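The next block holds one structure in the form of structure tokens; read it before the comments.
The values are calculated or read from the model by the stated rules, or taken from the named source; none is laboratory data. Fair warning: this is a prediction, and the values are worked out from it, not measured in the lab. Cβ atoms come from the backbone with ideal geometry, glycine included; neighbour counts cover every protein chain shown.
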Amino acid sequence: MKKNVLILCTGNSCRSQMAEAILNHDLSGKIRALSAGTRPQPKVANGAIEALKLAGLPFEGLYPKDVDSVMDEPIDLVVTVCDNAKESCPIFPRPVKTIHLPFHDPHGEPLESFLKVRDDIREKLVAAVKNELGI
């Protein structure tokens with residue numbers, strides 16, 4: 001049975017979107033990753049889309065979502081990837097394990113920053129999720 005992982009950030013336009021795509025690709029069949037933001041931006045950052053494309057990762061269908069839109073999902077693990085989201089993490093309808101794994105925010109920076117953050121997420125987040133869920 002797949003575990004549901006929510007990646008929570010503030011704007012849900014960079015880090016959490018890349019994390020969602022990476023987890024759904026690298027842990028396919030084991031988990032279902034979702035992402036949301038406490039204050040979502042209007043669109044996914046172009047740098048995040050380009051970083052995913054360059055790594056051959058899926059990016060179709062990614063869009064910023066408000067955390068309220070996923071509150072009824074059966075979440076098994078919440079990962080906050082920015083300090084602001086950690087501080088404003090909502091209370092879920094049922095107890096859910098939460099971990100904090102912050103990543104640099106590349107928003108507004110050159111593509112190289114997005115690539116570095118993408119690789120950092122892939123290296124650290126995949127391992128952390130596998131460890132937390134016993135995969």
Practice task
Within segment 76-116, work out how many residues are at pLDDT 90 or above, of a type in the set (A, V, I, L, M, F, W, C), farther than 21 Å from S28 by Cα and touching a Phe, Trp or Tyr at 6+ places or on another chain (Cβ under 8 Å).
Solution key: 0
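Condition check ((1) polar (S, T, N, Q); (2) crowded, with 16+ Cβ neighbours inside 10 Å; (3) farther than 17 Å from K3 by Cβ) across all residues:
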{"residue": "L34", "(1), (2), (3)": "no, yes, no"}
{"residue": "L54", "(1), (2), (3)": "no, no, yes"}
{"residue": "R94", "(1), (2), (3)": "no, no, no"}
{"residue": "E109", "(1), (2), (3)": "no, no, yes"}
{"residue": "E132", "(1), (2), (3)": "no, yes, no"}
Exercise for the section: Being over 9 Å from the mean Cα position of the chain (by Cα), part of a strand (DSSP E or B) and not small (G, A, S) is the filter here, so list the residues in segment 1-42 that pass it. Expected result: K3, N4, I31, R32
